[in-house]
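To start, the structure itself, in structure tokens.
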Amino acid sequence: MIRTWKHNLLAAAVVAAISFGVALNLSATPANKKDIVDTAVAAGSFKTLTAAMQAAGLTDTLKGQGPFTVFAPTDDAFAKLPAGTVDSLLKPENKQKHDAIHTYHVVPGRVTAAQVSKMTEAKTVNGKDLTIRTDQGKVLINDATVTKADIECSNGVIHVIDTVLIPN
């Protein structure tokens, strides 16, 4: 068979696309088989969040059918809080405030990045609204920047944010 430069270019493009997908850990499967909690635990960068979800009693809910959208602050986001804040929130006498903060990161339903970028607000599980805006191509949830979007889970989606959201 005689290969033309067009065939070679097409073959190179296919190889590049496959390589790019592998490098990004993309797969042909339609969605992650893990739920939101197991996905967050497996990522390794949400240790504080998963411990706080457990303390708030949200683990069973976020392992449930859903769907849920979680704006998930990383361990680095929690580290930006004033010293002692996380420890204080985990005390039994602060359970109500702790629960309010964590339910403020969860929106009912599966809301993708494409949908989020067209929204101006979203009602959270705790009943308060998040403010959503875009600035120079970045999506901001209140003052938190979405650093990674559309982490698909069996019962929803996670959007990684760089700041812990605190309800007013």
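Values as computed for the structure displayed
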item	result
Rg and Dmax of region 72-168, Cα atoms only, in Å	13.6, 41
Heavy-atom accessible area per residue - region 107-159, 1.4 Å, Å²	54 Å²
Accessible heavy-atom area order of 53, 119, highest first, probe of 1.4 Å	119, 53
Computed over region 69-113, the ratio Rg/Rh where both radii use C-alpha atoms and Rh is Kirkwood	1.04
Percentage relative contact order, region 72-159, counting C-alpha pairs under 8 Å, at least six apart	20 percent
By average C-beta atoms within 10 angstrom, highest first, the peptides 67-78, 145-156	67-78, 145-156
For region 34-100, accessible area per residue (1.4 Å probe, heavy atoms of protein chains only), Å²	54 Å²
Share of carbon and sulfur in the accessible heavy-atom surface of region 84-168 [1.4 Å probe, %]	50 percent
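The values are calculated or read from the model by the stated rules, or taken from the named source; none is laboratory data. These numbers were taken from a predicted model, which means no experiment stands behind them. Using ideal geometry, Cβ is built from the backbone for each residue, glycine included, and neighbour counts are taken over all protein chains shown. Keep in mind that these areas ignore ligands, DNA and RNA; they rest on the heavy atoms of the full protein, side chains included. Shrake-Rupley method; radii C 1.70, N 1.55, O 1.52, S 1.80 Å.
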